Amino acid sequence: MKNKRMNVLVLAMATMSVSPVWAQTSSDSGTMDHSQHQGGMSPAGTKAKVLKDAMPAMDHSKMTGMTASPSAEGMPMPAADSMPAMDQSKMDHGSMNQSAQPVMQPVKSGTADGMAGMDHGNQPAVQSDKPGMSQGEMNMQGGPAPADARDPHANSGGFTLDSGAYALPPSQRLHLADEHNFGALLIDSLEKSYTRNNGNSTSYDAQAWFGRTYNRLVIKAEGEVAKGKLQEARTELLWGHAIATFWDTQLGVRYDSGVGPDRGWLAFGVQGLAPYWFEVDATAYAGENGRTALRLGAEYELLLTQKLILQPRIELNLYGKSDVERGIGSGLSEAQTGVRLRYEFTRQFAPYIGVERVSKFGQTADLARDEGEKSAVTRWVAGVRFWF
């Protein structure tokens, strides 16, 4: 009985393995003559029919986990739990020909893993419609323009920038910062001075300039009026040229007037801001009959507050040749040292008070004493400084 049950099981397994072959044979037959089904069948079909007839109908409704209902011949079917488990670890998967059956794997859209299995070899290459560019080789754009390229001068009416058609008139032409003309007038001192013996006097010291950053016209004027008469005056007309940051060279003429004959000079000097914020003005002069002169001036602004400023100042005058008619001797002729304290209501307007010492040396001092004057005097000053 046991052997009979095993034979039935073998026949059932054989049926499962043969059925796909029969189904494939039937589908591959193309057109079949169904009239032959009555007279005979193919070997695969005959074997399937025999197995079907030999297998009794199974009543699954009466199957339990451990028992099986008997067949039509009275032979019970083995239970599923009674069948021995298959050990797949001993199966030789390498010998299985898996290439015959296609394996369908899901492809992830838009990912590198999904594109890895795609065969691009049979796809036609995509050609770019731009000249000089291709799928395999990317080249920078160059060479002549395409035939349908837009003409950059199509809307210019035949005029280009090279022809000067778009040039602005001189009155509207744009200028760089160093091409603009600027001007300023500085009244460095306009003051009244008081001296114990010589009385009061009025003096001025001014400077004006007009021009650009590198080249400008400079005018300097300094003088003193006492007893209703111009005692001395110095006026210079110079061309200033910037040679470095904060430094200008000055070339021009000087004219002296006042008591005595007038004198004319050629002037050459430098003016600028020295290290540690000292304002320096040095000018050499050459006059008629071999006369020479040198004038040195320096001042410093010490900010006590943002508006209260203390300004010490010194000026030296030297001459290479005596000029008795104007009361000037050779060598160091005169020195002026002083200090002024000003208060700036604005940067453009500042009144001040101060004290100044005027000393004459050498032959100049002798000439002053001959005229009944002192060689050195101290005077108190009060005035105003402004510019615009």
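What number of residues within region 346-372 satisfy the criterion of being over 18 Å from I187 (Cβ atoms) and surrounded by fewer than 15 Cβ atoms within 10 Å (Cβ to Cβ)?
In the first step, residues of region 346-372 are kept if they are over 18 Å from I187 (Cβ atoms); the result is 355, 357-372.
Keeping just the survivors that are surrounded by fewer than 15 Cβ atoms within 10 Å (Cβ to Cβ) gives 355, 357, 366, 369-372.
Number satisfying all stated conditions: 7.
Search region 211-230 for residues that are among the polar types (S, T, N, Q) and pair each with any residue that is surrounded by fewer than 16 Cβ atoms within 10 Å (Cβ to Cβ) and not in a strand (DSSP E or B) when their beta-carbon atoms are under 8 Å apart and the residues are at least 6 apart or on different chains.
Within 8 Å, the pairs are T213/A177; T213/D178.
Output the number of residues of region 175-224 satisfying the condition of being basic (K, R), closer than 22 Å to L341 by Cα and surrounded by 15 or more Cβ atoms within 10 Å (Cβ to Cβ). Don't jump to the end; show me each part of the working.
Within region 175-224, the first condition is being basic (K, R), and the residues that meet it are 192, 196, 212, 216, 220.
Restricting the remaining residues to those that are closer than 22 Å to L341 by Cα gives 192, 196.
Within this subset, residues satisfying the condition of being surrounded by 15 or more Cβ atoms within 10 Å (Cβ to Cβ) are none.
So the answer is 0.
Name every residue in region 239-267 that is in a loop (DSSP other than H, G, I, E, B) and more than 16 Å from E325 (Cα to Cα), in order of residue number.
Narrowing region 239-267 to residues in a loop (DSSP other than H, G, I, E, B): 245-246, 259-262.
Correct list: T245, F246.
Which residues, counting only those in region 225-245, are surrounded by 14 or more Cβ atoms within 10 Å (Cβ to Cβ) and either acidic (D, E) or at positive phi (or both)?
Answer for region 225-245, where residues must be surrounded by 14 or more Cβ atoms within 10 Å (Cβ to Cβ) and either acidic (D, E) or at positive phi (or both): E232, E236.
Taking T305, is it in a loop (DSSP other than H, G, I, E, B) and either surrounded by 15 or more Cβ atoms within 10 Å (Cβ to Cβ) or at pLDDT 95 or above (or both)? Walk me through it before giving the result.
Numbers: in a loop (DSSP other than H, G, I, E, B): yes; either surrounded by 15 or more Cβ atoms within 10 Å (Cβ to Cβ) or at pLDDT 95 or above (or both): yes.
Yes: the conditions hold for T305.
Is it the case that region 378-388 has a residue that's closer than 23 Å to A293 by Cα, touching a Ser or Thr at 6+ places or on another chain (Cβ under 7 Å) and assigned to a strand (DSSP E or B)?
Step one: of region 378-388, the residues closer than 23 Å to A293 by Cα are none.
No, region 378-388 contains no residue that is closer than 23 Å to A293 by Cα, touching a Ser or Thr at 6+ places or on another chain (Cβ under 7 Å) and assigned to a strand (DSSP E or B).
Look through Y343, Y300 and report the one residue that is modelled with pLDDT of 95 or more, under 41 Å from the mean Cα position of the chain (by Cα) and surrounded by fewer than 19 Cβ atoms within 10 Å (Cβ to Cβ). Working first, answer last.
On the way: Y343 fails: under 41 Å from the mean Cα position of the chain (by Cα).
From the options Y343, Y300, the qualifying one is Y300.
Collect the residues in region 324-352 that are touching a Pro at 6+ places or on another chain (Cβ under 9 Å) and either basic (K, R) or in a strand (DSSP E or B) (or both), keeping them in residue-number order.
Hits for region 324-352 are R326, T337, G338, V339, R340, R342, Y343.
The values are calculated or read from the model by the stated rules, or taken from the named source; none is laboratory data. Quick caveat, the model's predicted, so the values are computed rather than measured. Ideal geometry is used to build each Cβ from the backbone, glycine not excepted, and the neighbour counts take in all protein chains shown.
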